[in-house]
1. One residue is enough: does region 403-414 have a residue meeting the conditions surrounded by 24 or more Cβ atoms within 10 Å (Cβ to Cβ), touching a residue at least 12 places away in the same chain (Cβ under 8 Å) and within 17 Å of Val148 (Cα to Cα)?
2. From (1) free of Cβ contacts under 8 Å to residues at least 12 places away in the same chain; (2) surrounded by fewer than 19 Cβ atoms within 10 Å (Cβ to Cβ), pick out the condition that doesn't hold for Leu37.
3. Every residue in region 444-460 that is over 26 Å from Ala427 (Cα atoms), in contact with a helix residue (DSSP H, G or I) (Cβ under 7 Å, 6 or more places away or on another chain) and either crowded, with 18+ Cβ neighbours inside 10 Å or not charged (D, E, K, R) (or both), please.
4. Identify all residues within region 201-236 that are assigned to a loop (DSSP other than H, G, I, E, B), at pLDDT 85 or above and buried (at least 16 other Cβ atoms within 10 Å of the Cβ); write none if there are none.
5. Do we find a residue being modelled with pLDDT of 80 or more and on the phi > 0 side of the Ramachandran plot anywhere in region 31-45?
6. Assess whether Val479 counts as being crowded, with 24+ Cβ neighbours inside 10 Å and either under 30 Å from Ile513 (Cβ atoms) or of a type in the set (S, T, N, Q) (or both).
7. Pairs, please: C-beta under 6 Å, at least 6 apart or cross-chain, first residue under 10 Å from Thr455 (Cβ atoms) and polar (S, T, N, Q) and in region 133-147, second at pLDDT 85 or above and in a helix (DSSP H, G or I)?
8. Is region 503-517 home to any residue that is at negative phi, modelled with pLDDT under 85, part of a loop (DSSP other than H, G, I, E, B) and not aliphatic (A, V, I, L, M)?
Amino acid sequence: MQLTWLSLLPPLIVVIVVCVTHQLNLSLLVGIMCAALIVTQGQVLPALTLCGQKFVSHFSDSDNIYLYLLLITISSLITLLTVTGSAAGCAQIIGKKIRTKRSTEIAAALLSFLLSIDDYLSILTVGFVMRSTADKLAVARTKLAYIVHALAGPLVIIVPISTWAAVVLVQLDNAGISLNAPHKIVADPLYVYLKTIPFIFYSLLIIFSVWFVVFTRMSYGSLGHDEQKAVAINDDNELMQDARNKHSLIELLMPIFILIGGVFIGTLYAGNYYLFGGNNSFFDAFRENDQTFLILLLSACGAFAASIMLSLYKKLIAIAQIPSLIREGFLLIISSIIMVVCVSVLGNFLRLDLQTGSYVAQLLLGTAPLFLIPVMLFVVSLAITLMTGSAWGTFSILIPITTQMLASFLQLEVPVMIDQMPLLFPALGAVLSGAACGNHISPFADTTILTATSTGVEPLHHARTQFGYAVPVIIGTIVSFVVVGLVFDYGLWTSFYVSFGAGIAVSVLLLYIGNKFFK
């Protein structure tokens, strides 16, 4: 197909429709139909046939099936931890000996790290449970909401065993990154994702800034005013005391450790690590593993099965409840699965049929310098997520465009070896950073509503109070991506240290300025 402006029309239509209807799945279906009509030159019947072929092809890929089963399994595990009260009970145990405001905020942050396999689980559990402790010690609920929200999506997106990571991996595969022929970029999606994590600057910087604000007791703006007005309220009721007595930390830690251990051992085994009878080193085993989705699924199934058995042993559930737990987990995640299917099919249209990435590269060639590509991707990803409120939708659309654009921009012929595209990792990090940032600060994001609900704060007030603490990090992230574009030729780790250091310096400086002048 000849490269024209029409290749930009489907993603633009998706953004416009979702802004009008606030229905992402409907908007994606409209975008898919638009793409099919462009490919078939406006013929409706052939367009419908082509759409059907794309969906059938998508479900013919075993990795996609593994992904959806993985999401259902993790969602069922989250449902189990919620229904049995394990998550809330463990959180109460952690917060039992808290005596100061700082220790309350530290406990909320640590619990967010512990629950970082899913942002919904983290937000609902930490917000609901720590709210009573925060009230008891006069910690402003808006401060708690800021900590909970800032350590939800931005943290989950850099955890390789999370629900977000699973979706990122499948989008990398759909973008043409795989060890199996005839993919355009020869690399394992997990290897690419792990190498990208250090360049998800917004997540790293916002996590650093939360700890910095907590330890320095920094407080300014609307959030500072809320802290000054906060009064101690003791609400440690019998239900909370019963939760502490009935549960133990093993209920929460066991499935997380099984997940981590399963992924770690399974990846080494599939990558022919020498301790498992292969001939690859530790690093080569991770790079050459080509069974990522199956490993994730088996690890999640092991974690879920172990949690079921422990819950049965402690009489927290009955055997008859297991089917309903799985059903509830399925209903919880089905909308997200439909979204992933739709964005994957749309991404396939954009990459193979419309070549949107190549067209964007053609527009940029000769006009935008190469070093600005990461920061441009961050700004675009942030803008789309702010408008749509969906991080998954944003990076699912932009990842295929980014990989193809870079290959065209660098004038590389397929198949491309990953070593030929060192800028790929900062570029993907920029896309994921923009999605995480937009999801964090967007008033329309579901995580914003959930955070406000779990912490007992009005949604718009929460969005407004945390914005003053997110802006310094956003500016620091922009600086990091400009710097990494300038120095990435010096090597990945050198460029990471220099650019991340610059981002920290700018973020800390702006936080100090905010604390000094906006009391």
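The values are calculated or read from the model by the stated rules, or taken from the named source; none is laboratory data. Nothing here was measured: the structure is a model prediction, and the numbers come from that model. Virtual Cβ from ideal backbone geometry, glycine too; neighbours counted across all protein chains shown.
1. no
2. (2)
3. Correct list: Thr448, Ile449, Leu450, Thr451, Ala452, Ser454, Thr455, Gly456, Val457, Pro459.
4. Across region 201-236, the qualifying residues are Met218, Ser219, Tyr220.
5. yes
6. no
7. Final answer for the pair search is Thr142/Leu223; Thr142/Asp226; Thr142/Thr465.
8. Residues of region 503-517 at negative phi: 503-517.
Next cut, modelled with pLDDT under 85 only: 517.
Adding the requirement that they be part of a loop (DSSP other than H, G, I, E, B) leaves none.
No, there is no match, as no residue in region 503-517 is at negative phi, modelled with pLDDT under 85, part of a loop (DSSP other than H, G, I, E, B) and not aliphatic (A, V, I, L, M).
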